[in-house]
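For reference, the structure is listed below as structure tokens.
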Amino acid sequence: MSRKYFGTDGMRGQANSWPMTAEIALKLGAAAGQYFRTDGLNGHRVVIGKDTRRSCYMIEHALTAGLTSSGMNVFLLGPVPTPAVGLLTRSMRADLGIMISASHNPATDNGIKFFGPDGFKLSDSAEKEIEAILDAGADLVPPLEIGRARRVDDGRGRYVEYAKTTLPKGASLRGLKVVIDCANGAAYKAAPEVLWELGAEVIPVGVTPDGYNINREVGSTHPRAAAEAVVANGADLGICLDGDADRVLIIDEHGNTADGDQIMALMARRWAEAERLNDGTLVATVMSNLGLERHLDSLGLSLERTGVGDRYVVERMRERGLNLGGEQSGHIVMTDYGTTGDGLIAGLQFLMAMVDSGLPASSLTRQFEPVPQKLQNVRFSNGQAPMEALQVKEAIRDAEARLQGCGRLLIRKSGTEPLVRVMVECEDTGMLDEIVGGLVQEIEAAL
């Protein structure tokens, strides 16, 4: 049974279009409430966080109406990072956590992510059961069992205090000048507060959300603004978050950007040296560079790959009892500290590496030499299925044959946007460009 509403990271789409409508959100809230309120007792709790999109108000109110109609009590956190929802779901003993965000997508999109009572994202099977209730229609509770809703004023403050505790007691960032780009998103207040309270000189970027400018020319998908701020201000480091702050890119003092693979490589080495990397293994997705795998092997460490999506990284980590994983895109999952990717806490880990080593960011952001990699996206419309076209399938087979022994190919549909992602790695850059160009051309011809 395939999922109708949910993708690789919750439900996502253009705001006010199916499935991201107020009507669906209301029904989804009622369905989720029924799923988690199986004992029929009152007092069940839901925490809801959101980013800074204008459409979050609409979805927040609709979800709240649906949840309370099924007997759930709702606690509204306001704009907080996605990892804060995972944290507060557990600390507030809630049955369910919800984050309203489309992450790195533009302001016209929105999404809904669910967290279970343990603070981890729901499994595919749980989402399927909620979808079934949604389609069948949830059972509404009697009038005297309707839930309540109220605002929680200190949700951000709780996350700020927790983030600081992830560093060693007494640790200080005094003397470091840090650019923090919050993408005009969920961390626009929390991230600068954490860095300032730890003693850093903070240069904020992307901290003036207006409901429409989230991820617009700022954040981890557009690091140029932060890179320019680092160079212009003589900063030691730049930390680029995305709209819901669950992913990060690092910018060195020269304005060069390091992706999640380089950050994970640094953390894996440091944690292994400190004998805290469980089973000497890092979990990453099939998108991570072959150079990362070779680098870890040279250190006597292992890389275990999963499908694309930080939820699948986390599932593998939990299955094997591993504590470090993530994605090339910048999701860094540290289960010693949280239940999902946390861009700010990953940035703090990088800052501590600078403090401990006395080295500049540029000496830490190049842990390995990547194998040349090229990623190109092809957008398609609803109803189109370019991957099913015969000529596309033949082009993929030909490309895989050419790359045998000298590279690898990954081609897939995005789970969050109407895109086909073509990724090729090859030591021969000429062949790399030729293969990517040929595949993209065949996919576009099939549209």
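A few comments on the model shown:
- Selection from the range 84-102 of residues that are open to solvent by 10 Å² or more (accessible area, probe 1.4 Å) and over 21 Å from GLY147 (Cβ atoms): LEU87
- In the range 82-102, of all residues being part of a loop (DSSP other than H, G, I, E, B) and among the small types (Gly, Ala, Ser), the one that is farthest from SER55 (Cα to Cα) corresponds to ALA94.
- Yes/no for LEU122 being open to solvent by 10 Å² or more (accessible area, probe 1.4 Å), under 30 Å from TRP271 (Cα atoms) and hydrophobic (A, V, I, L, M, F, W, C): yes
- Residue satisfying condition, being of a type outside the set (D, E, K, R), under 23 Å from PRO360 (Cα atoms) and open to solvent by 30 Å² or more (accessible area, probe 1.4 Å), within set GLY137, GLY175, GLY157: GLY175
- Any hit, the range 119-128, residues being under 21 Å from the mean Cα position of the chain (by Cα), modelled with pLDDT of 95 or more and not small (Gly, Ala, Ser): yes
- Inclusion of THR165 among residues that are among the hydroxyl-bearing types (Ser, Thr, Tyr), closer than 16 Å to ILE345 by Cβ and open to solvent by 80 Å² or more (accessible area, probe 1.4 Å) is warranted.
- When the range 178-196 is limited to residues that are touching a Lys or Arg at 6+ places or on another chain (Cβ under 9 Å) and open to solvent by 40 Å² or more (accessible area, probe 1.4 Å), the one that is farthest from ALA107 (Cα to Cα) turns out to be GLU193.
- Of the residues making up the range 5-47, just one is without any contact (Cβ under 8 Å) to a residue 12 or more places away in the chain and either touching a Lys or Arg at 6+ places or on another chain (Cβ under 7 Å) or of a type in the set (D, E, K, R) (or both), namely ASP39.
- Cross-chain or 6+ apart pairs with Cβ under 7 Å, the range 333-359 first and touching a residue at least 40 places away in the same chain (Cβ under 8 Å), then part of a helix (DSSP H, G or I) and of a type in the set (S, T, N, Q): THR340/THR82
- For the range 222-255, the set of residues classified as touching a His at 6+ places or on another chain (Cβ under 9 Å) and open to solvent by 50 Å² or more (accessible area, probe 1.4 Å) consists of VAL231 only.
- Within the range 65-83, the residues that satisfy the criterion of being farther than 26 Å from PRO192 by Cα, small (Gly, Ala, Ser) and either touching a residue at least 60 places away in the same chain (Cβ under 8 Å) or open to solvent by less than 10 Å² (accessible area, probe 1.4 Å) (or both) are GLY66, SER69, SER70, GLY71.
- Lone unmet requirement of (1) over 18 Å from GLU442 (Cα atoms); (2) not in a helix (DSSP H, G or I) for GLN376: (1)
- Filter result for the condition that a residue is of a type outside the set (Val, Ile, Thr) and at positive phi, over GLY291, GLY307, GLY300, GLY260: GLY300
- Leading residue by the ranking (nearest to the chain's Cα centre (by Cα)) among those in the range 211-235 that are over 27 Å from GLY175 (Cβ atoms) and without any contact (Cβ under 8 Å) to a residue 60 or more places away in the chain: HIS222
- Of the strands (runs of 3 or more DSSP E) lying entirely inside the range 104-206, those carrying at least 2 residues that are in contact with a strand residue (DSSP E or B) (Cβ under 8 Å, 6 or more places away or on another chain) and within 18 Å of VAL248 (Cβ to Cβ) are 177-181, 201-205.
- Subset of the range 343-357 that is open to solvent by less than 10 Å² (accessible area, probe 1.4 Å) and in contact with a Pro (Cβ under 9 Å, 6 or more places away or on another chain) - its residue that is nearest to PRO192 (Cα to Cα): LEU344
- Of all residues in the range 388-413 being within 23 Å of MET11 (Cα to Cα) and free of Cβ contacts under 8 Å to residues at least 40 places away in the same chain, the one that is most open to solvent (accessible area, probe 1.4 Å): LYS413
- For CYS56: the one exception among (1) more than 26 Å from TYR212 (Cβ to Cβ); (2) at pLDDT 95 or above: (1)
- Which listed residue is of a type outside the set (Asp, Glu), modelled with pLDDT of 95 or more and open to solvent by less than 10 Å² (accessible area, probe 1.4 Å), from GLY199, GLY219: GLY219
- Test: residue in the range 423-442 that is among the small types (Gly, Ala, Ser), under 22 Å from VAL286 (Cβ atoms), open to solvent by less than 40 Å² (accessible area, probe 1.4 Å) and not in a helix (DSSP H, G or I): no
- For the range 2-23, residues that are assigned to a loop (DSSP other than H, G, I, E, B) and of a type outside the set (D, E, K, R) total 10.
The values are calculated or read from the model by the stated rules, or taken from the named source; none is laboratory data. From a predicted model like this one, the values you see are computed outputs, not experimental measurements. Cβ atoms come from the backbone with ideal geometry, glycine included; neighbour counts cover every protein chain shown. Side chains included, ligands, DNA and RNA excluded: accessible areas come from the protein's heavy atoms. Shrake-Rupley method; radii C 1.70, N 1.55, O 1.52, S 1.80 Å.
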